C-alpha cells in the first residue's frame, strides 16, 4: 500500500482501496490532517483579514517559508524537529518585516494592501527560487511507518501532525483568553480608539498579532512539509483555502475558524476520493460561495442577514 | 468634466492615428508584436471597466480570458462546426459572461464586496488554471492545444481571412478601438454615474430605488465578456492555448497594466499593457525568472510611489508648475 | 381609513436582552406631516429603521399601504414610494450636485420633477456643477432632501434633517418642508425643538423606547412631563 501522490493543496495522501470501516476512519483522519493544517494557516488570516481588515496575499508565503525552513535545516544536517522549531521563527521574521515595511503604512488603503502584499508574495517566491533553485525540495518526516489503529493503519507522522496542531490551537485559545496580551488584542480588535484611550499601544499590538499569525502559518508549513510538494509556489493554494476558511467560518471567534476549517477541509477530503483534486477544489469554491450567499456573516454566527 | 472628456477624445484620436500609420513604418513581425500587445490591451481595458468603475478588484480576470481562449480553440479545432471562427468568438464571449454571471450573482447578491470579492476571484483563477491542467482530455493538459487556425469566415458576402499579418492587425486594432470607445461612452453616461455613486455609498443608491447588486453584476458580466473576447482573439493569433492563459500570473499582470496605465481611464491600461509587455520581453530575454521578481517590485512601487498610475506623473508635474501641492 | 399610508401597530423590538422599543403606535395618513422627538437614546432612529423596513419588529406590525415591508431589499422599498434621508448626510461626494440628483431621478419608477426644479426647491440652483463632497454641511443636508424628492415618494422619512445646521439653516429647512407639505407625507425625527416648533405638526414624543406623549405640537410643548424629560429631570 503506497500513499497516493497528493497535490500541495490537500495534504491528504490517501490509502488505496479501503474496506468500509477502514475507508471511513482513513477518510476521517485524512480530513482531520487537512483540517488541522487549515486551522493553523487560517488562524493568522483570521487575525489579519478578519480582525484587522488587512488583506495579506503574502500569507501563503509564511507557509512556504516554514516548509523551506525545515528543508534548509534538514539539508545542512539538522533534525526535523530542529527544523520544525525554525519554521515558526522564519514565519515570524518574514511576517514582522512585512508588517513593519509595508502593511502598517497601508492600514487605510485596502486595495493598496492587496497589491503590495501580492508584490511581496511574488518577490518571496522568486527569491526562494533564485536561492534554492528550481524543483521540489525533499523533506523527510521524523518518523516513517504506520500505526495500527485497529480499524486501519495510518502513517504515524500524520497523527503527530494532528496532535501538534491541536495542541497549538489550544495554546492559542489559552493565550487569547487568559493572558494580558490576549486581553490587549481583544480590546484593540473591538475598539481601536478606545484601546488607545486606555493606553494600549495599538500599533504594537497589531504588529505582534500579525507576527504571531505569521509564526503559526510558518509552523503549519513546517508540519506539512514532509507531506506536501515543497515548492516556492506552494503557498497560493494554502492562501486560497485559508481565505475560504475565514470567509465561510466568519470572523471573530475560534469557533468560526474551526467551523470553516471543517467545512473546507472536510469537503475537500471527501471529494478527493471521488474526483480529481482540481474539480474538488472547484466544488469547494462553489460551495463556499453558496454558503456565503446563504449566511453572509459566516457559518458560525447565529444571525443570518 | 467637459474638459476631461475632450482631453480623453483627443488622446484617443491620437492613438487611433498612430495605430493607422504604424503599418506604413513597421515590418510584419513588428505588426504582430503590437497586434498581440493590443489584444492584451483589450483585456486590460476589460478589467479596468470593472475595477475602475466599481472600485472592486477582480484578482482572477485571466480566468475569463482563458475560458474565452479555450472555447475559441475547441470550436475552431472541431471541423464539424461550421463558421467556427464566428461561433467561437460568440461562444467565448457567452462562456466568459456565463461564468461571471454565476459567480457574480452569488457574490454581489450575497453582499460580498471589497477584499472578499478579490479573494474569491483569486481562488476562481487558481481553480480555472488547475482545471485547464487536469482536464487534459479536453484541454490538452499542461501543453494545451496547438494548431488553432487564424480567424477566417464568409458571412453574407463578407469575406474575412486573417492569416496575413496586416489584415489581422487591422482587425484587432479596429476591435480594440471600437470596444474601448464603447466602454468609455458607457462609463461616462448613466451606467457609469450610478456606478460612481455605488462606489461612494451603495446603501444610499439602493435607498433611491436602484438595484445596486444588479448594476454591479451587469458590469462584471460585461467586463468578463470582453475578457473572453480578448482571449478568443489571442488564441487565434498565437495559434495555441495553454493553462497559463487563465493563470494567476496573467491575472496579476493585467492588474499591473491597469494600475500603471491609470485605473479608470480605459485608454491608459491599453497603453500600459503595450509598454509593459515590451519591457517584459526585453527583461525575460536575459533571465525568465527575473520577470516575476520585477513584477513584484513594480506592485510595491506602484502602491507607494505612483498610486494613480504613470499618467499621474503628468498631473503632478502640472500642479508643480502651477505652484500647488499635488492632490493626494 | 383608506388614506392611511403607514401604520405601526403596537410595535416593539428587542436587541438581545434589551427592550429597545415597546408598544409604539403611529399612523401616517396621506400627505400628512408629523414629527418624532425625544432626547438622545430615546429610540428615534431605531423606530425609523422599523418604519422603513430596515429592521423587523419583534412584536407588533408595520404596514405601508397594507404591505409588510420588513426585510425587503432597500431598492424595492424605495420603489414602493418610501424615501429616506439618512442621519449622516449621505450624498455622493465624487459626483456633482446635478449628477447626484440625476442618479436619484433614475432610481424613481416615474420621475416627475426635472432636475432644475429640484435644484431650486433645495436652494442649490447656483451650485449645480459643484462636487457634492465640496458642499457645506447644511447644503449637503439639503441636497439629500432633494435626492429624496427626486424619487417622487409617497412618504418621506427624515432622520435628524437639521443635525449640525446653523439656526438660520434650520429655519430654512423647516420652510422648505412646509412648502412641500401637502404633496406627500413626511415623518421627521428630530431633537431640535426649534425646528419642530417651526413645523408645528402632530408630534410623537419618545422616551426610553416608549411613547411619552403624542398630539399637536403646542400641546406637547406646554406639557410638564415632556419638559422634565428634556431638561433631564426625569
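We did not get these values from a lab; they are worked out from the coordinates using the rules stated. All figures in this text were calculated on a predicted structure; none of them were measured in a lab. Every residue, glycine as well, gets a Cβ built from its backbone with ideal geometry; the counts of neighbours run over all protein chains shown.
The angle between the Cα long axis of helix A:110-132 and the main principal axis of chain A comes to about 50°, on a 0 to 90 degree scale. How far is the Cα center of the stretch C:59-116 from the Cα center of the stretch B:69-87, in Å? What the calculation gives is 48 Å, centre to centre. Going by neighbour counts of Cβ atoms within 10 Å, the residues C:181, B:318, C:102 line up, fewest first, as B:318, C:181, C:102.
Counts of other chain beta carbons within 10 angstrom of each beta carbon in peptide C:94-103 average 4.
Calculate, for residue C:130 and residue A:97, the FRET efficiency according to 1/(1 + (r/R0)^6) with r their C-beta to C-beta distance and R0 60 Å; round to the nearest 0.05. Each step should come with its number before you reach the end.
Details: r = 46 Å, r/R0 = 0.76.
E(calc), rounded to 0.05, equals 0.85.
Report the FRET efficiency, 1/(1 + (r/R0)^6), for residue A:204 and residue B:7, where r is their Cβ-Cβ distance and R0 is 41 Å, rounded to 0.05.
On the way: r = 47 Å, r/R0 = 1.15.
Computed FRET efficiency for residue A:204 and residue B:7 comes out at 0.30.
For the segment C:79-92, counting C-beta atoms of other chains within 10 Å of every residue's C-beta and taking the mean gives 3.
An ellipsoid equivalent to the stretch C:88-234, defined through the eigenvalues of its Cα gyration tensor, has semi-axes of 31, 16, 13 Å when rounded to whole angstrom and sorted largest first.
As a rough footprinting exposure proxy, the listed residues C:173, B:32, C:58 were ranked by other beta carbons within 10 Å of their own, and the order from fewest upward is C:58, B:32, C:173. Approximating the spin labels as points 7 Å out from Cα along Cα→Cβ, the residue B:190-to-residue A:190 distance works out to 4.9 nm.
For chain A, the longest principal axis of the Cα atoms and the long axis of helix A:277-294 meet at an angle of about 40 degrees. Rounded to 0.05, the FRET efficiency of the residue B:319 and residue A:28 pair, given R0 = 45 Å and the Cβ-Cβ distance, is 0.10.
For the stretch C:88-152, the C-alpha radius of gyration divided by 2.2 N^0.38 Å, with N the number of residues, is 0.96. Note on the stretch C:1-157: Rg/Rh from Cα positions, Kirkwood definition for Rh, rounded to two decimals, is 1.01. Mean sequence separation of contacting Cα pairs (under 8 Å, at least six apart), scaled by the length of chain B, corresponds to a relative contact order of 31 percent. Calculated on the Cα set of the stretch B:1-101, radius of gyration then Dmax: 17.3, 53 Å. Using 0.36 nm per residue and subtracting the Cα-Cα separation, the extra length available between residue C:3 and residue C:109 on full extension is 36.0 nm. Its Cα gyration tensor gives the protein assembly as shown an equivalent ellipsoid. The semi-axes, each the square root of 5 times an eigenvalue, are 50, 38, 25 Å from largest down.
I need the per residue convex hull volume for chain A, using only the alpha carbons, in cubic angstrom as a whole number.
It is 140 Å³ per residue.
Shielding of A:232-245 by partners, i.e. mean partner chain Cβ atoms within 10 Å per residue?
Values: counts 2, 3, 0, 0, 5, 3, 0, 4, 10, 2, 1, 7, 3, 0.
Rounded to a whole number, the mean comes out at 3.
What percent does the relative contact order of the stretch A:162-305 come to when contacts are Cα pairs within less than 8 Å and at least six residues apart?
Details: 99 pairs, mean separation 21.9, N = 144.
With pairs under 8 Å counted, the relative contact order is 15 percent.
Here the relative contact order of chain A, from alpha carbon pairs under 8 Å that lie six or more residues apart, stands at 32 percent. Each peptide in B:124-132, B:144-152 gets a packing score, the mean of other Cβ atoms within 10 Å over its residues, and the list from highest to lowest is B:124-132, B:144-152. How far, in degrees from 0 to 90, does helix C:97-107 lean away from the longest principal axis of the Cα atoms of chain C, to the nearest 10? For helix C:97-107, the angle is close to 70 degrees.
Note on chain A: with a GNM built from Cα contacts shorter than 10 Å, the maximum mean-square fluctuation among A:194, A:52, A:39 falls on A:194. For a quick check, take a GNM of chain A with Cα springs below 10 Å and name the residue from A:201, A:30, A:241 with the largest mean-square fluctuation. Highest fluctuation of the listed residues: A:201. Modelled spin-label separation between residue C:225 and residue B:282, with each label point placed 7 Å from Cα along the Cα-to-Cβ direction: 8.3 nm. Residues C:68, B:48, ranked from the fewest to the most other C-beta atoms within 10 Å, line up as C:68, B:48.
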